[in-house]
Amino acid sequence: VTVLPSWLPPPDVVTQLRAAGCVFAEDEAQLLIDAAGGADELGWLIERRVAGEPLEYILGWVDFDGLRVAIAPGVFVPRRRSELLVREASKLCQPGAVVVDLCCGSGALGRALHARVGDLDLHSVDVDPGAVQCATGNLQPIHGRVYLGDLFEPLPARLRSDVHVIMANVPYVPTAEIARLPPEARDHEPAISLDGGADGLDVLRRVVADARAWLRPGGHLLSEIDESQYPSAAEAFAAAELRPRLIRSAQLRTSIITGTPVCTGLSTTVDVR
Ligand SMILES: C[S@@+](CC[C@H](N)C(=O)[O-])C[C@H]1O[C@@H](n2cnc3c(N)ncnc32)[C@H](O)[C@@H]1O
């Protein structure tokens, strides 16, 4: 059912958006018309979009894994491909699982994991106050806790050795490639959400180095990477005694690396009478 606005949108919205290079001009036009309260507001929204602002910032929400997640300007826009990470994490969690979402941005991954798994003991961290504010709004309804700080640093110590799943969609674009990103990302998303250092793995290496101390035996770390980064990332996982695995999705055109603590020593002691 199409709900028509009580005011009349100008007939050239699609043309304006198409001329500005919007590939899905018709869909975007409809979304902007739905979001506007009147012709003046629509004019302002179109102006922002034509100037290159990401559609999600203008609408204030993004569709992620079938959910409408709130998003604010300056916060990384969750990408559809990251649904792979959520999907794989959901296979490793039972309801009630202790989950840490490092570099949480808007909190979309935790929100989507909760929708797939059910109740979680969810702890999300970001170093950017804008992201923390956005994630807090998205995660409050599911009782997720959100912390401001550097990676594991702000987490409560009681979570050490107790985490079932760590999701870490860290910045992983090599610095030299930032200039080649589409302008919507390059010009509107903060560098701290994209730049992963010389080979893109600076932040991931720091996560991997500390992950084992937070994971319970049999727990898992999952992180999105470019497939070309797998050999170096796997080396870091192995050095931290996490058994690495590459999971690829042709459909979502992405890959993730997962790691689980390697049992040190295969011998166990069993007490018998
Ligand atoms: C690629 S974005 C991913 C955001 C979110 N996980 C998602 O998929 O939509 C990376 C996020 O990492 C955050 N970040 C970068 N360095 C960080 C650090 N040292 N500690 C915590 N968060 C960090 C950025 O602020 C940004 O929100």
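The values are calculated or read from the model by the stated rules, or taken from the named source; none is laboratory data. The structure displayed is predicted, hence computed values, not measured ones. All Cβ positions, glycine included, derive from the backbone under ideal geometry; neighbour counts span all protein chains shown. Ligands, DNA and RNA are stripped out before the accessible areas are found, and what is left, the full protein with its side chains, is counted by its heavy atoms. Shrake-Rupley method; radii C 1.70, N 1.55, O 1.52, S 1.80 Å.
Any idea what % of Cα-Cα pairs in the range 75-122 are farther than 15 Å?
36 percent
Could you pull out every residue, at least 5 positions away or on a different chain, whose amide H is within less than 5 Å of the one on Val146? Hs are placed 1.01 Å off N in the peptide plane, and Pro or chain starts have none.
Result for Val146 returns Ser124.
Write down the radius of gyration of the range 126-273 and its Dmax, each obtained from C-alpha positions, in Å.
Gyration radius and largest Cα-Cα distance of the range 126-273: 17.4, 69 Å.
At a temperature of 20 °C and a viscosity of 1.002 mPa s, determine how fast the range 144-186 diffuses translationally according to Stokes-Einstein, using the Kirkwood radius over alpha-carbon pairs as Rh; express D in µm²/s, rounded to the nearest whole number.
Diffusion coefficient, whole number: 158 µm²/s.
By the scheme Lys and Arg +1, Asp and Glu -1, what is the net charge of all other residues having a beta-carbon under 13 Å from that of Ala25?
-2
Residue separation times 0.36 nm, minus the C-alpha to C-alpha distance between Phe24 and Arg186: what's the value?
Between Phe24 and Arg186, full extension yields an extra 56.3 nm.
With a bin width of 5 angstrom, please list the P(r) values of the range 1-93 as percents of all Cα-Cα pairs, from the 0 bin to the one holding the largest distance.
Spelled out bin by bin, the range 1-93 gives 2, 13, 21, 20, 18, 11, 7, 4, 3, 1 percent.
Report the local net charge at Gln251: Lys and Arg +1, Asp and Glu -1, summed over other residues whose C-beta lies under 13 Å from its C-beta.
Summing Lys and Arg as +1 and Asp and Glu as -1 gives +4.
Just to confirm the number: angle between the C-alpha axis of helix 25-35 and the first principal axis of the chain, 0 to 90 degrees, nearest 10?
90 degrees
What is the sum of charges around Val262, taking Lys and Arg as +1, Asp and Glu as -1, for the other residues whose C-beta is under 15 Å from the C-beta of Val262?
That works out to +2.
Take the Cα pairs of the chain, get the Kirkwood Rh, then feed it into Stokes-Einstein at 10 °C and 1.306 mPa s and tell me D in µm²/s.
79 µm²/s
Once phi is turned into θ = phi - 60°, what whole-Hz ³J(HN,Hα) does the Karplus curve with 6.51, -1.76 and 1.60 give for every residue of the range 63-79, x standing for Gly and Pro?
For the range 63-79, the Karplus-derived couplings read 8, 10, 6, x, 10, 8, 9, 5, 9, 10, x, x, 9, 3, 7, x, 9 Hz, x marking Gly and Pro.
On average, how much area does the Cα convex hull of the range 93-188 cover when viewed from any direction, in nm²?
For the Cα atoms of the range 93-188, the hull's average projected area reads 6.8 nm².
So what does Trp44 come to for accessible area, using a 1.4 Å probe and Å² rounded to 10?
Here the accessible area works out near 140 Å².
Near the amide H of Trp61, under 5 Å away, which other amide H atoms are found, from residues 5 or more places off or on another chain, if H is placed in the peptide plane?
Ile71
What angle, in degrees between 0 and 90 and rounded to the nearest 10, separates the Cα long axis of helix 129-139 from the longest principal axis of the Cα atoms of the chain?
90 degrees
Quick one: Karplus J couplings for the range 81-96, per residue in order, coefficients 6.51, -1.76, 1.60, θ = phi - 60°, nearest Hz, x for Gly and Pro?
For the range 81-96, the Karplus-derived couplings read 4, 6, 4, 4, 4, 5, 4, 5, 4, 5, 6, 10, 10, 9, x, x Hz, x marking Gly and Pro.
Starting from the Cα of Lys91, move 7 Å in the Cα-to-Cβ direction to define the label point; list residues of the range 230-260 whose amide nitrogen is under 17 Å from there.
243-260
Apply the Karplus curve 6.51 cos²θ - 1.76 cosθ + 1.60, θ = phi - 60°, to the phi angles in the range 217-228 and return the couplings in whole Hz, x for Gly and Pro.
x, x, x, 9, 10, 10, 8, 6, 9, 7, 4, 5
What does the convex hull of the alpha-carbon atoms of the range 106-157 project to on average, in nm²?
3.3 nm²
Ignoring everything except DSSP H segments at least 4 long, calculate the 222 nm mean residue ellipticity for the chain; use -39,500 (n - 2.57) per segment, divide by total residues, nearest 500.
Dividing the helical sum by the residues of the chain leaves -9500 deg cm²/dmol.
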